[in-house]
Amino acid sequence: MPELPEVETIARALAPGLTGRVVTGADVPDATVLAGPADRAAFVAAAAGRVIETVGRRAKLLCITLGPRPQVVGDGPLILALHLKMTGRFHIAPSAHAPPAHARLLLHLADGNALVFSDLRRFGTARLLPPEALAAWKFYASLGPEPWDMTPEAFETALCRKTTRIKAAILDQTVIAGIGNIYADESLFAARIRPDTPAKALTPARRRKLLAAIQAVIAKAIAAGGSTIRDYRTPDGVEGGFQHQFTVYGKACQPCPVCGETLVSIKVAGRTSTFCPQCQQ
Ligand SMILES: [Zn+2]
């Protein structure tokens, strides 16, 4: 599933082609993508006639702000919040082109292009909501801070409340937003912490080291355009590059890049977790 660096890469790549463009209409070939409004005609009517103001991200959600319609008195902005889940992809293509086989949602733009959301496995979702309704959405409201907005003090407080293993704690989107299995394993290795350590057992110094490791790993992954394991592609159709910089993720039975010990894999919080038994204590 795309994590923070992949969705950030997508948002940055889409922004130049979308920002300032007028949405002239929408197509919803697969209405099951709509989580709100769930009605195809209502979605199309709500989206059309708006200018795309920003393309951004919150946690693993791509968030596109559509400005108020000037012709509608008292109209307010809407935010299109898209969750890519397993196989969601975006690209920009001429509106006149036939949409790809797994297209689920298209926003047509006045410049003749369309933003196409395709999704082979169909777990992705789209919500088009006023900002206040998005903020009130239970999932959205529960999200923890972005890694760079997290202070060491807030991170310590959040972890002190957790009765889980540390890896489960940093995968918990209400603790810190955007971290999935890849960046949890990579960050724990960078901080030299075993993934099955009880969150509460970490000393304040080790928690600070972990937060710094998360921030550094996420920044490096964004700089590399994210990680492609299977399905993730940027809007230009290319793979990310951070998978070539993995230290431990997916490398069970290979030597540790630091000490040469064989990396092992265990289940933590139901997720495969790879670590070095020598370096990570
Ligand atoms: Zn090692």
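No lab work stands behind these numbers, since they all come straight from the coordinates. These numbers were taken from a predicted model, which means no experiment stands behind them. When we count neighbours, we look across all protein chains shown, and the Cβ atoms used for this are built from the backbone with ideal geometry, even at glycine.
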Run the numbers on the range 152-275 and let me know its relative contact order in percent, using alpha-carbon pairs under 8 Å that are six or more apart. 24
Counting alpha carbon pairs within less than 8 Å and at least 6 residues apart, what relative contact order, in whole percent, applies to the range 165-235? 31
Where trypsin sites (Lys or Arg not before Pro) in DSSP loops with at most 13 other Cβ within 10 Å are excluded, longest remaining stretch of the chain: 1-120
Taking Cα pairs closer than 8 Å and at least 6 residues apart, the relative contact order of the chain in percent is 18
Ellipsoid semi-axes in whole angstrom, largest first, where each is sqrt(5λ) of the Cα gyration tensor of the chain: 38, 21, 15
So what's the net charge close to Arg122: Lys and Arg +1, Asp and Glu -1, counting the other residues with Cβ under 14 Å from its Cβ? +1
